[in-house]
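The structure appears right after this line, and notes come after that.
What follows draws every value from the coordinates through simple rules; no lab data is involved. Every value quoted in this text rests on a predicted model; they were computed, and no experiment measured them. For neighbour counting, all protein chains shown are included, and Cβ atoms are generated from backbone atoms with ideal geometry for every residue, glycine included.
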Amino acid sequence: MPACKLTRRAASGALVAATLAAMPASRVALARARVSRPGIRVDVGPLRANAGDPTATWVAEYLPGQLAEALASRMAHANLTVRIDYLTLGPNSGGYGPTGSSYDNIEGVATINGVETPVRATSSYYSSAIDQTMIEQSNRERVRLLTQALAYWIAQDVAR
């Protein structure tokens, strides 16, 4: 009987060790899954100079995947480079838009197969009491929604 307990303990320990060893590998696989197709490139250098981090990092994290998703059925072999120059978030406490919303804006240039096109998207933010206590998470979500809107408009331009 003691041999069974030792075997169970050894098996449990081996399972825990295997799970812990697999965690970094699964993070790498997840990171690779987020990487967009080779034909899509996002340059946030000008944005990093204008708005800094973490804003530029969030755009670099979200926009490539959102572009790949929005363009999945529209771009077979096209090359797309998007340079983000500016991103502004309206006031967190509310603004002057409809029902007190704030406007968030993103601007840059999309280059599709060598042709440059200015791109811009705007989204509305409605302040919430909980957002005031979790400003970084709120701003991250606002950047995600803004890059999603930009990806949509770029996809519309590609369709033309």
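Observations on the structure shown:
- Across region 116-121, coupling constants 3J(HN,Hα) worked out from phi with the 6.51/-1.76/1.60 Karplus curve, θ = phi - 60°, read 8, 9, x, 10, 7, 9 Hz, and Gly and Pro carry x.
- Annotation for Arg48 and Ser128: the two label points, set 7 Å from Cα along the Cα-Cβ direction, are 3.1 nm apart.
- Net charge, Val119 excluded, C-beta distance under 11 Å - Lys, Arg +1, Asp, Glu -1: -2
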